[in-house]
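Worksheet: the structure to be examined is printed underneath.
The values are calculated or read from the model by the stated rules, or taken from the named source; none is laboratory data. Note that the structure is predicted; figures quoted are calculated from it, not measured. Glycine gets a Cβ as well: all are built from the backbone with ideal geometry, and neighbour counts include every protein chain shown.
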Amino acid sequence: MLKYIVRRIALMIPVVIVMTLIVFSIFYFAPGDPVSRIAGPNVTPEVYESIRRKYGLDQPFIIQYLRFMKSVIEGDLGISILQERPVIEMIQERLPVTLEIGLLGFLITFLIAIPAGVIAAVKKNTLVDYLCMSGTLLGTAIPTFWLGMLLMYFFAYKLRWFPISGYGTLQHLVLPSLAIGLTNAAITARMVRSSMLEVLNQDYVRTARSKGLLEKVVIYRHALKNALIPVITLMGLRLGWIIGGSVALEIIFSIPGIGRLMVDSILARDYPVVQGSMIVLTSSIILANILADILYAIVDPRIRYG
Amino acid sequence: MKKAFTKISAFILLGALLLSAVSGCSRKASTKTSEKVLVVGYDRDAELLDSIKTAWYSDALIYIHDRLVSRDYQFGYQPGLAERWDVSEDGLVWTFYLRKGVKFHDGSDFTAEDVKWTIDTIKDPETGSPFRADLDAIKEVEVVDQHTVKIILNYPFPNLLFNLSNTAAGIHPASAYEKYGDDYGKKVVIGTGPYKLEEWVPGDRTVLVKNEEYNWGPEWMSNRGPALIDKIILKVVPDESTRIMELETGGIHILRNVPETYVEKLEKNPDITIYKEPATKLGYLAYATDKEPFNDVRVRRAINHALNSEEIIQFVFRGIGEVAYGYLPPALKDEYLEESRELAYEYNPEKARQLLAEAGYPNGFKATLSADNSSKSSKLAEIIQRQLKEVGIETNIQLYDSASYTDMLKEGKQELFIREYSWPNADILDWFLLSERFPYPNHSRWRDPKTDELIMNAARRPTWAERAEGYKEVQRYLIEQAVWAPIYVPMQIIAARKEVKNFKYHPWMLQYNDGFDIEVK
């Protein structure tokens, strides 16, 4: 198991390298540069050039890239051109904010999707099932940011139960987390339901029932355990998606998370920050998938990684 | 299985709680109820809280620092940290007599050394200050005594008053960089202003707290002592509709740059008052004047005649805004050329077609029309495209994000393009139209010796009044040459909630320390 994890983490390195190369070349060839932003429009050509030199922007592509990779290997993500601060410090400030909302959203997903999926599966083709499934259909159809706007409009603007935007207290987290949680719960609940239905038809479930076990025990102890395996894969994928995909929510709710940091930096062509946050995001998506693999082994003892 | 299930959920729950606990610790406990807190909404955050190095000036810098010269409600230049000043006969030596008893936020005394350090640091090429070129006229700063400083110029430059009253000219304590190191402009900023920096959370908020010792407010303020409001929070809300909702629900008290589209709705709200005054901004259609067919003055005049500004203001700004006739916003009372309207090219498509025919384009021509990708500019592009089509000019709209737009203009790929500037001084014409600024910011690619001569002559006259006269000549010539097609002067729209008391409109920046008050719930 440990060997497997180490190998998976080692495999991250080429993925991250390829990703940085792609991002680096996109930005190298994209129009615009950060210098005109920091130097202001009234800059003399000499000052302009000296700033370019200061950040090594006058070097050819490959030199710039190798320099960048060298410092990444040394654990240094560079200095933000715009804010003159270490990129790592900026990410440390922003990432927890995004994670907080993401994990809370994840918890909501978990709390809604599993009961809803199980109930829909057990009460297949009843009104409850139809209600759950049409609800989740709606949930999958609504984009997260739009749900976020609706939640904001009703619960913050009309009812004033929550603050409209910002970050700082638990109340601030509720609406954005709900938006993430609900849209994810929809997909997950459908997955739980179909996976449960499959499992419920298996022989061992019939055996468990015929042993006279309580229906509750059959469902939660015997059926759900096996039904969760595909769900875990899905959640592993979604975890990465939650971190990367909260950009629009962070803008709407004005949350100072990593998504907004990335958008602002892209618009300002603050290359080091874009690169740094991309590395962090890619790694966290890969790590989330590894985590899902580890969870497999915990839920399903048959799965062994050699 | 059940165990595993509980394990997983416990793990997630724990993680979430831990994170909120960790980040909770670093936050300040909620503010005291009796504290007077004013929240102001912004769409964009500071990049650096250092007026010397940044090119994007957070409003926080206005309150953290004082400047030698201040601007009153009529945009007049008044004493600030300098009690008074005199200028030598030839306009080359300015002597500033500094206010006594002024202290910086770190407790040190404000002296002539601080003025010298601030200006020298801006002028030092090593600093890379975007404001450096604005102080080109300054040859050297000489400390006469603790409270007297002489600024010696290379050439007469009355606009020094404007430059020294700019946000970028906020006075810092001498050797601030050595003293505070890398934290300066991020965690620490020291000025003598009515508010001190408490904290800056990038992307979220800047919190300013009242300077209790402040009693050196300029004479023209009704409140020269400490501000009445204890705290100002500059809150960043990037999304436009979220900002408006925050205002309506009281999460934000004052919002500047309210979009025209929301004005009608907000005016109906009894909790909110809207203040509108013509801004020191100008929106115009420009063209690459060194390219065919725009190098022909008849074509440029035809384009001016083709644009119906009234209709554009109706369509894009819901009628909120004024038609621009000249090259400066009329709010710059001293410098604005009053007869711009009479000299300008009225909307007359017939005349436009005729001019095009004279220039050899009886059937019009084709060109690209570029703009940035904001919703305002794309709307402008749409209607300008339609109006130009009326006179036979077929355009193809191209939208760019702001960094790419700048790049494209630098490379000189533009034909017709839409711009808006925001600047409260006539020297904006130097920026955009002097040959030495070619190709950027002189993006209309206007290299004309006569313009250079007129501008230099205006900028370097010894007195403010003579300078203003000089710029009027510049404007007259620009209108005649139809270098741009001026379209609109937008309104500066400010929304304030009813909790804000003693609101006073200021053309440059709201002076929150001047008797602004706020009701505490």
I'd like the full set of residues that are in contact (Cβ under 8 Å) with a residue 24 or more places away in the chain and over 21 Å from B:GLY283 (Cα atoms), limited to the stretch B:481-501.
B:ALA495, B:ALA496, B:ARG497, B:LYS498, B:GLU499, B:VAL500
Out of everything in the stretch A:207-222 that is in a helix (DSSP H, G or I) and away from every other protein chain (no Cβ under 13 Å), what residue ends up being farthest from A:TYR296 (Cα to Cα)?
A:SER210
Odd one out for B:TRP446 among (1) surrounded by fewer than 17 Cβ atoms within 10 Å (Cβ to Cβ); (2) among the hydrophobic types (A, V, I, L, M, F, W, C); (3) over 21 Å from the mean Cα position of the chain (by Cα):
(1)
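Which ranges mark the helices (runs of 4 or more DSSP H) fully within the stretch B:325-441 that have 2 or more residues being of a type outside the set (Ser, Thr, Tyr), more than 30 Å from B:ALA465 (Cβ to Cβ) and at pLDDT 95 or above?
On the way: elements: B:340-343, B:349-358, B:375-390, B:402-411, B:428-433.
Per the criteria, B:349-358, B:375-390.
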Tell me which residues, restricted to the stretch A:141-184, are surrounded by fewer than 23 Cβ atoms within 10 Å (Cβ to Cβ), free of Cβ contacts under 8 Å to residues at least 60 places away in the same chain and either basic (Lys, Arg) or in contact with a Leu (Cβ under 7 Å, 6 or more places away or on another chain) (or both).
A:LEU147, A:LEU151, A:PHE155, A:LYS158, A:ARG160, A:PHE162
Restricting to the stretch A:195-213, name every residue that is acidic (Asp, Glu) and under 32 Å from the mean Cα position of the chain (by Cα).
A:GLU198
If I filter the stretch B:120-170 down to residues being of a type in the set (Lys, Arg) and buried (at least 16 other Cβ atoms within 10 Å of the Cβ), which single residue comes out as farthest from A:ALA39 (Cα to Cα)?
B:LYS150
Please specify each residue of the stretch A:36-55 satisfying the condition of being aliphatic (A, V, I, L, M) and in contact (Cβ under 8 Å) with a residue 24 or more places away in the chain.
A:ILE38
Selection from the stretch A:98-140 of residues that are in contact with an Asp or Glu (Cβ under 8 Å, 6 or more places away or on another chain) and surrounded by fewer than 18 Cβ atoms within 10 Å (Cβ to Cβ):
A:LYS123
Give all pairs with beta carbons closer than 8 Å in which a residue from the stretch B:110-128 that is assigned to a helix (DSSP H, G or I) meets a residue that is among the hydroxyl-bearing types (Ser, Thr, Tyr) and buried (at least 18 other Cβ atoms within 10 Å of the Cβ); count only pairs at least 6 apart in sequence or on separate chains.
B:THR121/B:SER129; B:ILE122/B:SER129; B:LYS123/B:SER129; B:THR127/B:THR121
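Listed here are the residues, each with its yes/no results for (1) touching a helix residue (DSSP H, G or I) at 6+ places or on another chain (Cβ under 8 Å); (2) β-branched (Val, Ile, Thr).
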| position | (1), (2) |
| --- | --- |
| A:LEU2 | no, no |
| A:ILE13 | no, yes |
| A:GLU46 | yes, no |
| A:GLU74 | no, no |
| A:ILE108 | yes, yes |
Any chance the stretch A:265-274 includes a residue that's touching a helix residue (DSSP H, G or I) at 6+ places or on another chain (Cβ under 7 Å), in contact (Cβ under 8 Å) with a residue 40 or more places away in the chain and farther than 30 Å from A:ARG52 by Cα?
no
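Do we find that B:GLU277 is closer than 24 Å to B:ALA60 by Cβ, within 14 Å of chain A (Cβ to nearest Cβ) and either surrounded by fewer than 21 Cβ atoms within 10 Å (Cβ to Cβ) or of a type in the set (Gly, Ala, Ser) (or both) in this structure?
So B:GLU277 does not fit the description; no.
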Output for the stretch B:165-188, where each listed residue is in a helix (DSSP H, G or I), out of contact with any helix residue (DSSP H, G or I) (no Cβ under 9 Å at 6 or more places or on another chain) and away from every other protein chain (no Cβ under 14 Å):
B:GLU178, B:LYS179
Step by step: first the residues of the stretch B:51-67, then only those that are in a loop (DSSP other than H, G, I, E, B) and more than 9 Å from every other protein chain (Cβ to nearest Cβ), then the one that is surrounded by the most Cβ atoms within 10 Å (Cβ to Cβ). Which residue is that?
B:SER51
Return only the number of the condition from (1) modelled with pLDDT of 80 or more; (2) within 11 Å of another protein chain (Cβ to nearest Cβ) that A:TYR204 does not satisfy.
(2)
Residues located in the stretch B:30-50, provided they are touching a residue at least 12 places away in the same chain (Cβ under 8 Å), part of a loop (DSSP other than H, G, I, E, B) and small (Gly, Ala, Ser):
B:SER34, B:ALA46
Given the conditions (1) under 14 Å from B:ASP517 (Cα atoms); (2) within 8 Å of another protein chain (Cβ to nearest Cβ); (3) hydrophobic (A, V, I, L, M, F, W, C), and given that B:ILE254 satisfies all but one, which numbered condition is not satisfied?
(2)
Quick check on my filter: what residues within the stretch A:139-174 are farther than 30 Å from A:ARG190 by Cα and part of a helix (DSSP H, G or I)?
A:TYR157, A:LYS158
Look through the stretch B:194-231, keep the residues that are farther than 26 Å from A:GLU89 by Cβ and aliphatic (A, V, I, L, M), and return whichever of them is nearest to the other protein chains (Cβ to nearest Cβ).
B:ILE229
